[in-house]
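The values are calculated or read from the model by the stated rules, or taken from the named source; none is laboratory data. Treat the numbers as computed from the prediction; the structure is a model and nothing was measured. Here the Cβ positions follow ideal geometry from the backbone for every residue, glycine too, while neighbour counts run over all protein chains shown. Only protein heavy atoms, including side chains, enter the accessible area calculation; ligands, DNA and RNA are left aside. Shrake-Rupley method; radii C 1.70, N 1.55, O 1.52, S 1.80 Å.
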Amino acid sequence: MVEEKKEAKKEVKKELPISEVTTCKSTAQMLRKAAEDGVETAFHRAMEMKACPIGADSACCKHCAMGPCRLSSKNPYEKTGVCGATIDTIASRNFARMVACGTASHTDHGMTMLEVFRGVIRGEIPDYQIKDEQKLRDVAASIGIEVEGRGVKEVAEDLYHELEKTYTQVEGEIPFTKRVPKKTLEKWRELGIVPRGAMREIMEIMHRSHMGVDQDYENMVKQCSRTALADGWGGAMVATEISDILFGTPTPVVAGVDMGNLEEGKVNIIVHGHEPNLFESIIASVNDPKLLEEAKAAGAAGINLLGMCCSGAEVLSRHGVPHAGNFMSVEPVLITGAVDAMAVDVQCIQQALAPLSKCYGTRFFTTNPRAKIEGADHVEFHENRPRECTDKVVRMAIERFKSRPAKVVIPQNKSLGVHGFSHEYVNYMLGGSFRSSYVPLNDNIINGRIRGVAGVVGCTNPRVRQDYVHVELVKELIKNDILVVQTGCSQIALAKAGLMKPDAAVLAGDGLREVCETVGMPPVLGLGSCVDNSRILIACAEMVRTGGLGESIADLPVAGAAPEWMSEKAIAIGQYFVASGVFTVFGVTFPTITETKFHKLLFEGLEKQGLGKWGFAVDPYEMARLMIDHINKKREALGIMAARERKLFDMADRQKLEAESA
Ligand code: BF8
Ligand code: SF4
């Protein structure tokens, strides 16, 4: 313990240029406190450790012991690895492994949710119930399960068996391909990229990326698409749908985001990670009168539960639980000294959190058998007796509250916004309860009030100024009448910036603003966590089905971006959007060398095959330009550019009239 304290407190050499590394006020304030306290964060470590340039270009291979081999980024075809592997083989294999890991993460999460569902419907997990029967029936019907006149149990059992195929099926097509627009699915079949089952695809991609197997980058990219599609239309979609069925489908809810949600007089508990079951049970624990009594007896005014990262984004959307910040704010939030306990499960949990929490006396708990951290207390979470774990976390938090060792400083920033726009709610919101549909959305796109739709998602990363790229990009998009949908850490960045409020419509272009004001919605819609990117896929499928915007997802005037990505999951998400037909732009860095055939395939070739394509830009305005150009190109192809031009002409006309009469 003493050792670890020393480690976290080791001398910080250079001074961190705080305003250059973050635009989040709370994070900046805590980074100033970090300097006073003599602790370091990922911001400091990123400054001290330059990214490896060869790795950044994906020009190295360590897939066997004849290597590791290192090619030249400047002259990528100058040499090969010892086995003769070219730069295209090496980079595509590395990329494939990222897709494999990202897909494995989402699908394992989804599989956990499916197992919980099975336990619930079979009466083995009494703590959770089916909360949303309608959603259960809708999901079942969407994949061809008979629902008319059948009981919940029967439908649920069939749904479980059908969805299990998402993972375990060895032949055929995963169940949710039934939701894919016909023409998109035909394209996948033609290219041989329809996923069979996630386990099969991940196994095959690992095999193909072994030394001496698939050494044709085009063939490898096909398996990247097939695997990634088993994530987006498979594991991630199962995670979203089952979580909605068990815990409720989100509808708009007003909630606060940022560190100002911490309360000095209360026991503060943060849940950070990804799977919603831990959070659901801790919500039950903090509302337990017995535990509330214990908190009061310890001198606290109550128990204050907050989320971070995706666990937080999910319950922010579903229940309006306040959110303390995104990925790069997790270490800074510990520096407040106000966090009595932090419980984590899987994914995006930086190892540094364990020693850092010791510096502040924060009780830090790992809960998932897949994700232990050396030096952290492990209190295992079991779905069939979840309160054993979550009650213990709450009790330990109360203990820490009683003897808070460190000085508490809570940044006073808090931004209220509307969250929880599920695809179902978008349907209802635009169409009303009697004619709920995507027709109004499509109409507004066709008549040009809305130019298109963009998904802006993903992480924050200490290699770029935190939140800056997200916020500037989204502002630029809505200014150009592009409706923005969001998930994950990006959603939190925009929430902090105040863009999740309906009155943020003043920042939108005239057309989008008019639509937002008519409906009473913000120009930026928060959909939840990263697995909830599947909601964007479903919305895209619905836009195609509704009609007037082409026959496949690739025809839609839509685009995606992960401006500050860092995780392998982001690469899997990017690849499933690209394979689904969406132009997807990443920031920060991209693991290819521009002049290679592999790069050209991802950035141009896939689109020629009828899929989407990748894009890259570091600057938010350049990123927006790429996305707007693409959306315009799609409008052009659909023959709906004219409507928009006419509208712009009307607007110019109006402005002229106004100027003349002034
Ligand atoms: O799945 S956005 S930093 S928290 S990877 Fe991680 Fe990235 Fe945040 Fe959630 Ni998504
Ligand atoms: Fe080098 Fe080939 Fe081995 Fe990779 S697989 S380390 S390129 S010899």
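Is it the case that some residue within the stretch 87-94 is β-branched (V, I, T), in contact with a Pro (Cβ under 7 Å, 6 or more places away or on another chain) and without any contact (Cβ under 8 Å) to a residue 40 or more places away in the chain? No, the conditions are met nowhere in the stretch 87-94. Scanning the stretch 50-92 for residues that are aliphatic (A, V, I, L, M) and within 16 Å of ligand 2 (Cβ to nearest atom) yields I54, A59, A65, M66, L71, V82, A85, I87, I90, A91. Among the residues making up the stretch 523-580, those that are of a type in the set (S, T, Y) and within 26 Å of P322 (Cβ to Cβ) are S529, S534, S567. Here is the figure for the stretch 186-210: residues that are in contact with a Lys or Arg (Cβ under 9 Å, 6 or more places away or on another chain) and over 22 Å from H109 (Cα atoms) total 7.
Which ones in the stretch 116-141 are open to solvent by 40 Å² or more (accessible area, probe 1.4 Å) and part of a helix (DSSP H, G or I)? Once the filter is applied, which keeps residues that are open to solvent by 40 Å² or more (accessible area, probe 1.4 Å) and part of a helix (DSSP H, G or I), the stretch 116-141 yields R118, E133, Q134, R137, D138, A141. Scanning the stretch 325-345 for residues that are within 13 Å of ligand 1 (Cβ to nearest atom), more than 14 Å from Q491 (Cβ to Cβ) and among the small types (G, A, S) yields a total of 0.
State whether the residues of the stretch 257-270 include one that is within 24 Å of R122 (Cβ to Cβ) and either among the aliphatic types (A, V, I, L, M) or in a loop (DSSP other than H, G, I, E, B) (or both). No: zero hits. For the stretch 491-508, indicate whether the set of residues that are more than 16 Å from L430 (Cβ to Cβ), among the β-branched types (V, I, T) and open to solvent by 20 Å² or more (accessible area, probe 1.4 Å) is non-empty. Within the stretch 491-508, one or more residues are more than 16 Å from L430 (Cβ to Cβ), among the β-branched types (V, I, T) and open to solvent by 20 Å² or more (accessible area, probe 1.4 Å).
Residue under question is T103, and the condition is that it be open to solvent by less than 20 Å² (accessible area, probe 1.4 Å) and within 16 Å of ligand 1 (Cβ to nearest atom); does it hold?
Numbers: open to solvent by less than 20 Å² (accessible area, probe 1.4 Å): yes; within 16 Å of ligand 1 (Cβ to nearest atom): yes.
It is true that T103 is open to solvent by less than 20 Å² (accessible area, probe 1.4 Å) and within 16 Å of ligand 1 (Cβ to nearest atom).
Total residues in the stretch 612-622 satisfying the condition of being open to solvent by less than 30 Å² (accessible area, probe 1.4 Å) and either assigned to a helix (DSSP H, G or I) or out of contact with any helix residue (DSSP H, G or I) (no Cβ under 6 Å at 6 or more places or on another chain) (or both): the figure is 1.
Which numbered condition trips up A301, out of (1) part of a helix (DSSP H, G or I); (2) open to solvent by 10 Å² or more (accessible area, probe 1.4 Å)? Exception for A301: condition (1). Residues in the stretch 164-213 that are touching a Phe, Trp or Tyr at 6+ places or on another chain (Cβ under 8 Å) and open to solvent by less than 40 Å² (accessible area, probe 1.4 Å): T166, I174, F176, T177, V180, V194, P195, G197, A198.
Of the residues making up the stretch 316-345, those that are over 20 Å from P250 (Cβ atoms) and open to solvent by 10 Å² or more (accessible area, probe 1.4 Å) number 1. All of M47, M113 fail the test of being away from ligand 2 (no atom under 16 Å from the Cβ), open to solvent by less than 10 Å² (accessible area, probe 1.4 Å) and part of a helix (DSSP H, G or I), apart from M113. Among helices (runs of 4 or more DSSP H) entirely within the stretch 168-242, having at least 1 residues that are more than 16 Å from ligand 2 (Cβ to nearest atom), under 18 Å from L537 (Cα atoms) and of a type in the set (F, W, Y) singles out 182-191. Among the criteria (1) open to solvent by 10 Å² or more (accessible area, probe 1.4 Å); (2) within 16 Å of ligand 1 (Cβ to nearest atom); (3) not charged (D, E, K, R), the one N480 does not fulfil is (2). Among the residues of this structure, V418 does not count as one that is touching a His at 6+ places or on another chain (Cβ under 7 Å) and either open to solvent by less than 30 Å² (accessible area, probe 1.4 Å) or acidic (D, E) (or both).
Every residue, every condition in (1) surrounded by 19 or more Cβ atoms within 10 Å (Cβ to Cβ); (2) within 26 Å of M429 (Cβ to Cβ); (3) modelled with pLDDT under 95, yes or no:
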position: E564; (1), (2), (3): yes, no, no
position: I571; (1), (2), (3): yes, no, no
position: F577; (1), (2), (3): yes, yes, no
position: G610; (1), (2), (3): no, no, no
position: A624; (1), (2), (3): yes, yes, no
position: M627; (1), (2), (3): yes, yes, no
position: I631; (1), (2), (3): yes, yes, no
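When you look at V147, is it more than 16 Å from ligand 2 (Cβ to nearest atom) and open to solvent by less than 30 Å² (accessible area, probe 1.4 Å), yes or no? Criteria met by V147. Within the stretch 557-572, being closer than 27 Å to C52 by Cα and in contact with a His (Cβ under 8 Å, 6 or more places away or on another chain) holds for P563, E564, K569, A572. Kindly evaluate A100 against the criterion of being more than 16 Å from ligand 2 (Cβ to nearest atom), within 30 Å of D244 (Cα to Cα) and aliphatic (A, V, I, L, M). Here the answer is yes, as A100 does meet what is asked.
Taking the criterion of being touching a residue at least 40 places away in the same chain (Cβ under 8 Å) and under 17 Å from G102 (Cβ atoms), the residues of the stretch 175-198 that qualify are I193, A198. Among the residues of the stretch 77-100, those identified as surrounded by 17 or more Cβ atoms within 10 Å (Cβ to Cβ) and either within 16 Å of ligand 1 (Cβ to nearest atom) or outside any helix (DSSP H, G or I) (or both) are G81, A85, T86, M98, V99, A100.
When every residue of the stretch 379-390 is checked against the conditions, none turns out to be crowded, with 23+ Cβ neighbours inside 10 Å, without any contact (Cβ under 8 Å) to a residue 40 or more places away in the chain and not in a helix (DSSP H, G or I). Whether any residue in the stretch 149-164 is within 30 Å of F598 (Cβ to Cβ), hydroxyl-bearing (S, T, Y) and more than 16 Å from ligand 1 (Cβ to nearest atom) is what I want to check. The answer is no; no qualifying residue exists. Taken over the stretch 579-608, residues that are part of a helix (DSSP H, G or I), in contact with an Asp or Glu (Cβ under 9 Å, 6 or more places away or on another chain) and open to solvent by less than 10 Å² (accessible area, probe 1.4 Å) amount to 1.
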